[in-house]
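The values are calculated or read from the model by the stated rules, or taken from the named source; none is laboratory data. As the structure is a prediction and not an experimental result, all values here were calculated from the model. A quick note on method: Cβ atoms are made from the backbone with ideal geometry, for glycine too, and the neighbour counts reach across all protein chains shown. SASA here: full protein model, heavy atoms, side chains in, ligands and nucleic acids out. Shrake-Rupley method; radii C 1.70, N 1.55, O 1.52, S 1.80 Å.
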Amino acid sequence: MNNAITIHLVPNAHIDPVWLWDWREGLNEGIATCRAVLDLMDEFPALTFVRGEAAIYLHIRKYDPPTFRRIARRVKEGRWDVVGGTLIQPDTNLPATETFIRQFLRGVRYFKSTFNLRVRTAWAADSFGHSAGLPDVFAAAGIENYAFTRPSHSQLRLPGPAFWWQGEGGGRILAYRPPIGAYLAERGDMIRRLDRALQYAQTCTLRNIGVFIGLGNHGGGPSRRHILDAQRWSEAHPGVNVVFSTLHRLFAAIRRETSGRNPTVLPVHTGELNYCFRGCYASAASLKFAFRRAESALVRAETTDTALSAFMKTAPADLLAAWDGVLFNAFHDILPGTSIERACDEQAAWLGHVIHESIAAEGNALNRLAARVDTTVKPAKGDFPTAVALLIWNPHPHAFEGHVEMEACLDTRPISAYTNRPHELPVDVRDANGRAVPFQEVPSEQAALDRLAWRKRVAVPVKLPPLGWSVFTMQYVEKDKALPAAPSQPTARSIRNECLEVKADPRGKSIAVRLADGRPLTRIAAITVDDPWGSWGAPREPEGSDLSVVKRTWRISKVEVLEQGAQKAVLGVKMSGGRSALDLRLTLWHGTPTLHVSARVLWNEKDARLKLVLANAGDKAEYEIPGGTIVRAPAGEVPGGRWAAAAHFGFASDALYAFDLKGKALRTTICRASRYCYDPSAEPRKKRWLPILDRGELKFRCLLTTDLQNLPRLAAELERPPVVLAVPPSPGSLPRRGTLMALHPDSLDMLALKPPAAGRGIVLRARARRECRGTLTWLGKKIDLGRLGKAEIATWQVTRNGKAVRLNAVEERASVVPAKGAEE
């Protein structure tokens, strides 16, 4: 059967735009590598090449137009295969679902507009494992094939190199992991690799075998020696068909080979393709935290600006550069935390710019809204200041019912009559209908002018309409003052509301969380565990899978009730462990079964990691992951997303990614004390002088709740809370309370609200947690979105006249030109 074997040589050049170098060097190497490959293509007419990552094409087009024109000619010939469909090759376990989709929206549309071809094959040369939800993301983006090389065969056994990978939402793609080698080949490795490929092919049911070649990492595609050795080997094996191929051709050949057979020829895999380099789920926490904040700020800003721009018929903000910043920083050596220190610093600065641009775009949109809304305030009686108008915006397509905090200066100067007794200053808070509302005065964000009555902060229960606004006012009034209910007397070490009680002992090791009836819910503890491994974690299992050697159990050093009133209670808990400290502020709001936690870590350890331990979690947990969710039994260190649901409670955070289940406890890693871009085999003396990652202060927020049904909504509100904006009063034509859009049912989670890539209206994207029929209310019109299957990701373009057109995630309606050579 040797004459039936075809070995597809797939020349490629994996280029890390950031790793042991910065992004400038990485992208410039893309130019040098592509020039070298083009020269070889001139010399060897049969040579082919695959290249993804729109960021590299954009860089070449900007700085080396002649090389770009040469690439375009080879693309047109079908010898240069445009693959991937993404801006860069992202990490495939950590970014949000919408961030993955934007990779394809950016890349696929760029390649279509630039080369008039449709990328159908995704390519992850070096990403460290793959989320179980990716098939549904791929399907939503019109991607049909996926080539990858990690985890390796020793890390994850699969039934064969080619298989159908199926997602929970029904997405099904053809996946391929090369059976011999990875994405690269050493200079002298060609003959040996082809020998091994032939040996494997003689035992494999598939007759089409892919062999990936190229020098890899810092650019470097196929070498002249690779090409000549392949030619010599082919001449010595006339019964084997050796062809320079492409990824699209390889997948097309496999599809042709298996289409006429029993479909069971190719196995079906469901679930994730993990695990690999588990340390990456927690390395460089400060960079990960910044990435999550940039993601959240950008999604909230885009949602706000899109809705208001469409409503007011104004041009939406240009957020392309901000999205490029998020997408680039999702790269699989940036977000996982495996790059050099200088590169990490530069990428963090880039993310800071994304956050600023997002806040600015959101602020601009809300100021435009405020100018159109009736935010007038009544004239004050006598020589007193008028009320401050506060616009509260709900960025979610569901009603928000909870608490917000608002702060404002109640006069242009401190109110001297209440100097040294500012707590006695009478404050009045009113809602959009002018009704006095209950509130609780809470500490201001400033602590410089405590003796002066000037700036006040209050906690207020609110009900905000879906994707809508409500105007509140706050005012100093000397008469008819509205006072909150008398607060209960605080106890020394505990807080409680109608649902939960939280208690800490200053001599203890954990914080007890109980239900209102006294039954234990969980205990919150912190431990430092041994973690001597490098940026990627342990190179082998089981050392890297179970990090449980406890170096230190943290102790509570101080407990104090910081706030206690009708709306909220706050318990301050300080914990210490070795040379590090943890400052927790645990908040219970009136009437809610959710404990909100604000955490501040001062980390100063080495060769260790800090874990937050939540007891009584049970034997399995469900994790939000890119593209969906997954239920796992104890499996060591695993990647997760914004929330995790245990047996009796749910957990969500705005920053953390790394989890494990151990002894019926859910544990989440806050940070690691490894080194930058470090392998533990480094010479010990050198190691002593290497800077330690994440020394210093880290801040994040998280929550615990018994409301498991609404955990995804609570996680979304934690990351993207309502916006409170003090605005100048104006007699706008819009009411003081209004809504633009609502999405039903509650099990339909909105992923994005954005301007369309073409045409007018808005683009809505959502994922169904269970099978449902979607309904959208947009500008007063009720629109049927049709039925969605469980875990399905759907995209619609919605016009002002109430018409919704179903699109794929890259906003295509009609068929487009396939990638050149896909059917050859």
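Here are the numbers for the structure shown:
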item	result
Selection count where residues are of a type outside the set (A, V, I, L, M), within 21 Å of the chain's Cα centre (by Cα) and buried (at least 20 other Cβ atoms within 10 Å of the Cβ), scope region 695-716	3
Subset of region 381-394 (residues that are over 22 Å from residue 444 (Cα atoms) and open to solvent by less than 30 Å² (accessible area, probe 1.4 Å))	394
Lone unmet requirement of (1) closer than 19 Å to residue 103 by Cβ; (2) in a helix (DSSP H, G or I); (3) in contact (Cβ under 8 Å) with a residue 40 or more places away in the chain for residue 59	(3)
Subset tally (residues that are open to solvent by 20 Å² or more (accessible area, probe 1.4 Å) and at positive phi) for region 507-547	1
Residue 240 vs. criteria surrounded by fewer than 24 Cβ atoms within 10 Å (Cβ to Cβ), modelled with pLDDT under 95 and hydrophobic (A, V, I, L, M, F, W, C)	no
Residues located in region 501-549, provided they are without any contact (Cβ under 8 Å) to a residue 40 or more places away in the chain, of a type in the set (A, V, I, L, M, F, W, C) and within 30 Å of residue 156 (Cβ to Cβ)	549
Number of the exception - residue 691 against (1) modelled with pLDDT under 95; (2) out of contact with any helix residue (DSSP H, G or I) (no Cβ under 8 Å at 6 or more places or on another chain); (3) open to solvent by less than 70 Å² (accessible area, probe 1.4 Å)	(2)
Region 644-681 - residue that is part of a loop (DSSP other than H, G, I, E, B) and aromatic (Phe, Trp, Tyr) and, of those, nearest to residue 22 (Cα to Cα)	676
Test: residue in region 256-274 that is part of a helix (DSSP H, G or I), modelled with pLDDT of 95 or more and within 27 Å of residue 55 (Cα to Cα)	no
In region 98-138, residue nearest to residue 758 (Cα to Cα) [restricted to those that are of a type in the set (S, T, N, Q) and open to solvent by less than 10 Å² (accessible area, probe 1.4 Å)]	103
Residue that is over 30 Å from residue 656 (Cα atoms), buried (at least 24 other Cβ atoms within 10 Å of the Cβ) and not charged (D, E, K, R), where the choices are 75, 50	50
Any pair with Cβ under 6 angstrom, 6 or more apart, that starts in region 142-168 at a residue that is within 15 Å of residue 271 (Cα to Cα) and ends at one that is charged (D, E, K, R)	164/172; 166/172; 167/136
Count of region 442-462 residues which are closer than 14 Å to residue 590 by Cα and open to solvent by 70 Å² or more (accessible area, probe 1.4 Å)	0
Residue pairs meeting the criteria (Cβ under 8 Å; at least 6 apart or on separate chains; first polar (S, T, N, Q), in region 661-680; second at pLDDT below 95 and not in a loop (DSSP other than H, G, I, E, B))	674/534; 674/692
Test result for residue 40, in a helix (DSSP H, G or I), within 22 Å of residue 211 (Cα to Cα), open to solvent by less than 60 Å² (accessible area, probe 1.4 Å) and not small (Gly, Ala, Ser)	yes
Flag if residue 606 is outside any strand (DSSP E or B) and either on the phi > 0 side of the Ramachandran plot or surrounded by fewer than 23 Cβ atoms within 10 Å (Cβ to Cβ) (or both)	yes
Candidates 318, 333, 305 - the one that is in a loop (DSSP other than H, G, I, E, B), touching a residue at least 40 places away in the same chain (Cβ under 8 Å) and charged (D, E, K, R)	333
Leading residue by the ranking (nearest to the chain's Cα centre (by Cα)) among those in region 16-30 that are more than 19 Å from residue 64 (Cα to Cα) and open to solvent by 10 Å² or more (accessible area, probe 1.4 Å)	19
Filter result for residue 552 (under 27 Å from residue 674 (Cα atoms) and surrounded by 16 or more Cβ atoms within 10 Å (Cβ to Cβ))	yes
Any hit, region 279-294, residues being more than 30 Å from residue 676 (Cα to Cα), of a type outside the set (S, T, N, Q) and in a helix (DSSP H, G or I)	no
Residue in region 460-471 that is among the aromatic types (Phe, Trp, Tyr), modelled with pLDDT of 95 or more and part of a loop (DSSP other than H, G, I, E, B) present	no
Hits in region 67-104 (condition: more than 16 Å from the chain's Cα centre (by Cα), of a type outside the set (D, E, K, R) and either at negative phi or outside any loop (DSSP other than H, G, I, E, B) (or both))	67, 68, 71, 72, 75, 80, 82, 83
Criterion: under 30 Å from residue 441 (Cα atoms), open to solvent by less than 10 Å² (accessible area, probe 1.4 Å) and not small (Gly, Ala, Ser) - qualifying residue of 597, 638, 601	601
Among the candidates 397, 438, 414, residue that is in a loop (DSSP other than H, G, I, E, B), in contact (Cβ under 8 Å) with a residue 12 or more places away in the chain and surrounded by 22 or more Cβ atoms within 10 Å (Cβ to Cβ)	397
Which listed residue, of 786, 759, 774, is touching a residue at least 12 places away in the same chain (Cβ under 8 Å), part of a loop (DSSP other than H, G, I, E, B) and either crowded, with 18+ Cβ neighbours inside 10 Å or over 22 Å from the mean Cα position of the chain (by Cα) (or both)	759
Top-ranked residue in region 362-380 [being open to solvent by less than 10 Å² (accessible area, probe 1.4 Å) and in contact with a helix residue (DSSP H, G or I) (Cβ under 8 Å, 6 or more places away or on another chain); ranked as farthest from residue 287 (Cα to Cα)]	369
Condition met for residue 606 (basic (Lys, Arg) and modelled with pLDDT of 95 or more)	no
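For (1) buried (at least 16 other Cβ atoms within 10 Å of the Cβ); (2) touching a helix residue (DSSP H, G or I) at 6+ places or on another chain (Cβ under 7 Å); (3) at pLDDT 95 or above; (4) of a type in the set (S, T, N, Q), each residue gets a yes or a no:
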site	(1), (2), (3), (4)
146	yes, yes, yes, no
154	no, no, no, yes
159	no, no, no, no
179	yes, yes, yes, no
186	no, no, no, no
194	yes, yes, yes, no
